[in-house]
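Reading through the structure tokens given below for one structure.
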Amino acid sequence: MNISKVLISDALDKAAVDILLKRNIIVDVKTKLTPAELIETIKDYDALIVRSATRVTKEVIEAGKKLKVIGRAGVGVDNIDVETATKNRVLVINAPGGNTIAAAELTCIMVLSLARPVVAACSKLKSGVWDKESFKGSEVLDKTLAIIGLGRIGREVARRMQAFGMRTIGYDPFVTPDVAQSFGVEFMELEKIWPLADYITLHVPLIESTRGLINSVTLNKCKKGVKIINCSRGGTVDEKSLLEALNSGQAGGAGLDVFEEEPCKFTELLEHPKVVCTPHLGASTKEAQIKVAEEISFQFLTLMDS
Ligand code: NAD
């Protein structure tokens, strides 16, 4: 495939530009374009690289008369209209591996922050109150962590939390019990998982079978006080059901990095004392940004050589 002019429309580590320039590709970085500006600009390019801010809509793809490939520097392609791209013979590629460790580490931080109320204790101390009584935590040793979605991130979370002495159980329709066992996860069907888990963490894409996976029905099948972590995709947890469960005590806490709507405006959930939350920071490490930038550009070079 011949790629001569690439538009990068989201902030991306300069590693991407450096790699593409070495192959004499013209690279323009134009971030914060309005939808109308992107539609106008895309006409001149045969390739587009985005992170998550740019929405690559039907209109953008149809305006890109020269467009051959769209690269997503990251894993999820939910900001790209893949159906229209396919119809228009525009290839969509992603960089799935670069974010794995960053997202896995944030997930582990969420588990530990729910076990030990570091965030709440810290903000109280900063407000001038030395309160040793309100923040008794619990140990994660010998607790059960259920990992739903045993792909790249789920596996890394398992390995790390096993080091803390947690029992790891999990489910994934495309992973066999033997493969799960190879990274120390006891494979179980969901119905067995709900009543066993002290913590449940999701590492699935947002698709038909995962939309609202954590809802009032599944939460009520869980142990009282179950803690829910979602660093995967908003929409996999039904937020209203989660809030109800937090208020009733059925859920003992939630660690949320992703939301049904982003930026999240569900203040009742965000401000809930049992919620630890971050604004979709799963991939936000220096290292991950370099890795995804390199990964997507090397994929472009592979395409050019094919
Ligand atoms: P992956 O493709 O390696 O793993 C996803 C796994 O989910 C697969 O093994 C798949 O078989 C499984 N799965 C699919 N449907 C399922 C279902 N119904 N029940 C259980 N499992 C199911 O992806 P990954 O790299 O591990 O990423 C996982 C999720 O994390 C993705 O949604 C990704 O977009 C998200 N992510 C978020 C951040 C962030 O910033 N918070 C960063 C990186 C990735």
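The values are calculated or read from the model by the stated rules, or taken from the named source; none is laboratory data. Source: prediction; values computed, not measured. When we count neighbours, we look across all protein chains shown, and the Cβ atoms used for this are built from the backbone with ideal geometry, even at glycine. The accessibility values were calculated without ligands, DNA or RNA, using every heavy atom of the protein model including side chains. Shrake-Rupley method; radii C 1.70, N 1.55, O 1.52, S 1.80 Å.
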In nm, give the distance between the simple-model label positions of VAL29 and LYS14, each being 7 Å from the Cα along the Cα-to-Cβ direction. 0.7
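Is there a quick way to get the dipole size of region 232-285? I mean about its Cα centre, with the Cβ of Lys and Arg at +1 and of Asp and Glu at -1; what is the value in debye to the nearest 20? Don't skip to the answer; put the middle values down first.
Values: 4 positive and 9 negative charges, 28 e Å.
Roughly 140 debye, rounded to the nearest 20.
What does the helix-only formula give at 222 nm for the chain: each DSSP H stretch with n ≥ 4 adding -39500 (n - 2.57), the total divided by the residues, and the result rounded to the nearest 500 deg cm²/dmol? Don't skip to the end; give the middle numbers.
Working: 13 runs with 111 residues, N = 306.
That comes out to -10000 deg cm²/dmol.
About the Cα centre of the chain, what is the dipole size in debye to 20, counting +1 per Lys and Arg Cβ and -1 per Asp and Glu Cβ, all else neutral? Mind dumping the intermediate values first?
Details: 39 positive and 39 negative charges, 79 e Å.
That gives the chain a dipole magnitude of about 380 debye.
Only Cα pairs under 8 Å and at least 6 apart count here; give the relative contact order of region 1-83 as a rounded whole percent. Numbers along the way, then the final one.
Working: 131 pairs, mean separation 26.0, N = 83.
About 31 percent, as a whole number.
Would you kindly calculate the mean projected area, averaged across all directions, of the convex hull enclosing the Cα atoms of region 160-255, in square nanometres?
Mean shadow area of the hull around the Cα atoms is 6.0 nm².
When you count, for each residue, the other Cβ atoms within 10 Å and take the mean per peptide, how do 271-278, 69-76, 136-143 rank with the highest first?
Working: 271-278: 16.6, 69-76: 24.1, 136-143: 13.0.
Ranking, from highest mean packing down: 69-76, 271-278, 136-143.
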Can you give the relative contact order of the chain as a percent, counting alpha carbon pairs under 8 Å and 6+ residues apart? 18
Counting heavy atoms of the protein chains only and a 1.4 Å probe, report the per residue accessible area for the chain as a whole number of Å². 50
Could you work out the relative contact order of region 174-306, using alpha carbon pairs under 8 angstrom and six or more residues apart, expressed as a whole percent? 18
On a full-extension model of 0.36 nm per residue, what is the gain between GLU62 and GLU83, subtracting their alpha-carbon distance, rounded to one decimal in nm? 6.4 nm
Over region 101-245, one equal point on each Cα, no solvent: what is log10 I(q)/I(0) by the Debye formula at q = 0.12, 0.18, 0.20 Å⁻¹? -0.49, -1.04, -1.25
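Less than 15 Å Cβ to Cβ from VAL17, Lys/Arg counted +1 and Asp/Glu -1: what total charge do the surrounding residues give? If you can, show how the numbers build up before the last one.
Numbers: positive: LYS5, LYS14, LYS22, ARG23, LYS30, ARG51; negative: ASP10, ASP13, ASP18, ASP28, GLU294, GLU295.
That works out to 0.
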Please give the FRET efficiency for ARG55 paired with SER123, using the beta carbon to beta carbon distance and R0 = 45 Å, rounded to the nearest 0.05. 0.85
Quick calc of log₁₀ I(q)/I(0), the chain, Debye, one scatterer on every Cα, no solvent, q values 0.13, 0.15 1/Å, result -0.95, -1.14
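Would you please give the FRET efficiency between LYS221 and LEU281, computed as 1/(1 + (r/R0)^6) with r the Cβ-Cβ distance and R0 = 41 Å, to the nearest 0.05?
Working from the Cβ atoms, E equals 0.85.
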Along the Cα-to-C-beta direction of GLU262, a point sits 7 Å from the Cα; which residues of region 75-114 have their amide N less than 13 Å from that point? 75-80, 103
What distance in nm separates the two pseudo spin-label positions at SER138 and ILE207, each 7 Å out from Cα along the beta-carbon direction? 3.3
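Per-residue counts of other Cβ atoms within 10 Å, averaged by peptide: what ranking do you get for 244-255, 226-237, 148-159, 208-219, highest first?
Numbers: 244-255: 19.2, 226-237: 25.3, 148-159: 23.0, 208-219: 16.0.
Answer by packing, highest mean first, reads 226-237, 148-159, 244-255, 208-219.
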